[in-house]
Amino acid sequence: MDFDLSDDQRLLRESVDRLIADRYAFEARRRHDLGTEGWSRDLWNTFAELGLLGLPFAEEHGGFGGGPVETMIVMEAFGRGLVREPYLATVILGGGLLRRAGAADLQAALLPQVAQGKLLLAFAQVERHSRYELNDVTTTAREAEGGWVLDGAKSVVLHGDSADKLIVTARTGGGRFDRDGIGLFLVDANAKGLTRHGVPTQDGLRCAEITLAGVRAEAVLGDPGGGLEAAEAVVDEAIAAICAEAVGLMTCMHDITVDYLKTRKQFGRAIGEFQVLQHRSVDMFVELEQARSMAMFATVMATDPDPATRRRAVSAAKVQIGRSGRHIGQEAVQLHGGIAMTMEYKVGHYFKRMTMLEGLFGDTDRHLAQVASGESLFAA
């Protein structure tokens, strides 16, 4: 298999790396804390100008027809920059659901707005009792006056407080854990009966608690009772994307730690000259390369047409990413000493983000159990 990037992919990597280096230094990122949204609208517009927001969309929708490899390149760079903008929520999750399940006229109306940076999306799939089960849905959707009305609540909706529209999983039939009877509904974030409460997460991003009380949906994506398959496929793509982001995080934690070992002196010598610390930095590098290989594997398998094969591959990658991220993060903090625990130093922020990614869409233990059983992560 050829793992070399094409000329266009190398150009994309260079342009994104340059953007992160020029516009997303750690000090600039900290200034976002002063805003209510926790991220920069100006940078979001810059992403749109560079074509990043339309990267996975078809050309007729204002995109570039990019695939998982292009997403991997962008997400790894975003990991190195600790990017806070809602790229995962809007482009990968929301945009992915529209691409897979939305009607042609809905795609033509909304995807160009996403690509231009004018429309923010969020995927509301988590409920307080559901943990990682996409099919554990109690939010209901009922037909009324030629449309659909939603009732229920969603939790930890990524960037749900700033989204213009939400894509909500709701049950149109069946029991609480049934795979059939789950639909994907497009809802305006300012719709009557919808309330949302935004909160910061530990890694500096934002999420929202959403309550739906008689909220009328704008549209249903695909079959009102058969939306689970599309949701699972998009979540698998999102897991592959956050695996790439995690590689970017781990790369920076390793590089920062090695630089620190070369400059920090103790007993008149750089501490990097002590063999035991050299061994620990080498172990970090080994974990990083293992994680990088599995992230590439997840990228290759993210669009596999066989759901069972795809999910086992993605789960295996998530396991390695979780283990490597924990090891590299702990070593980075320990080798830096007390300075790594301060808010002013960036290693701790990388480790926080890595810890949040480890639990997103299923933690390491959960994915490991699914790989061992040979079953889907989302099996009922």
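Quick look at the numbers
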item	result
Shape category assigned to region 36-137 from the gyration tensor of Cα positions, a/c cut at 1.5	oblate
Lys/Arg +1, Asp/Glu -1 at C-beta; region 229-373 dipole; positive extreme among His367, Leu357, Val235	Leu357
Estimated [θ] at 222 nm from DSSP helical runs (n ≥ 4, -39500 (n - 2.57)) normalised by residues in the chain, nearest 500	-16000 deg cm²/dmol
Mean separation of Cα contacts under 8 Å (6+ apart) over length of region 158-203, as relative contact order %	40
Charge dipole (debye, nearest 20) of the chain; +1 at Cβ of Lys and Arg, -1 at Cβ of Asp and Glu	1200
Sequence-distant lysines (8 or more away, or on other chains) whose Cα lies within less than 21 Å of Lys265	Lys346
Cβ-based charge dipole, the chain, positive-most Cα from His159, Val91, Leu53	His159
Distance from region 93-172 to region 177-218 (C-alpha centre basis), Å	7
Structure-derived Cα extents along the principal axes in Å - corresponding label in (1) 79, 46, 41; (2) 73, 63, 40; (3) 74, 52, 41	(1)
All aspartates and glutamates inside 14 Å of Lys262 as judged from Cα atoms, apart from same-chain residues fewer than 8 positions distant	Glu273
Rel. contact order, % - alpha carbon contacts under 8 angstrom, at least six apart, the chain	15
Within-12-Å neighbourhood charge of Trp44 [Cβ basis; K, R +1; D, E -1]	0
Debye, to nearest 20: dipole size of region 223-269, +1 on Lys, Arg Cβ, -1 on Asp, Glu Cβ	940
Relative contact order [Cα under 8 Å, 6+ residues apart], region 7-119, whole percent	33
Rounded, prolate or oblate (a/c below 1.5 giving rounded, otherwise prolate when a/b exceeds b/c) for region 122-225 by Cα gyration tensor	oblate
Reach of Lys352 by Cα under 23 Å, taken over lysines that are not fewer than 8 positions away in the same chain	Lys318
Sum of side-chain charges, Arg176 neighbourhood, beta-carbon under 11 Å (Lys, Arg +1; Asp, Glu -1)	-3
Gain in span if fully extended, Met343 to Thr303, counting 0.36 nm per residue against the direct Cα distance	10.5 nm
Per DSSP, loop trypsin sites (Lys or Arg not before Pro) in region 73-140 with at most 15 further Cβ within 10 Å	Lys118, Arg128, Arg131
Arg179-Glu14 pseudo-label distance in nm [points 7 Å out on the Cα-to-Cβ vector]	4.6
Rounded to the nearest 20 debye, dipole of region 251-339 from Cβ charges on Lys, Arg, Asp, Glu	180
Anisotropy class of region 196-258 from Cα gyration tensor, a/c 1.5 cut	oblate
Chymotrypsin sites (Phe, Trp or Tyr not before Pro) lying in DSSP loop within region 176-283, provided at most 14 other Cβ fall within 10 Å	Phe177, Phe267, Phe274
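None of the figures in this text is laboratory data; all of them are computed from the coordinates on show. Computed from a prediction, not measured in an experiment: that's the story for all the values here. Cβ sites come from the backbone with ideal geometry, for glycine too, and all protein chains shown count toward neighbours.
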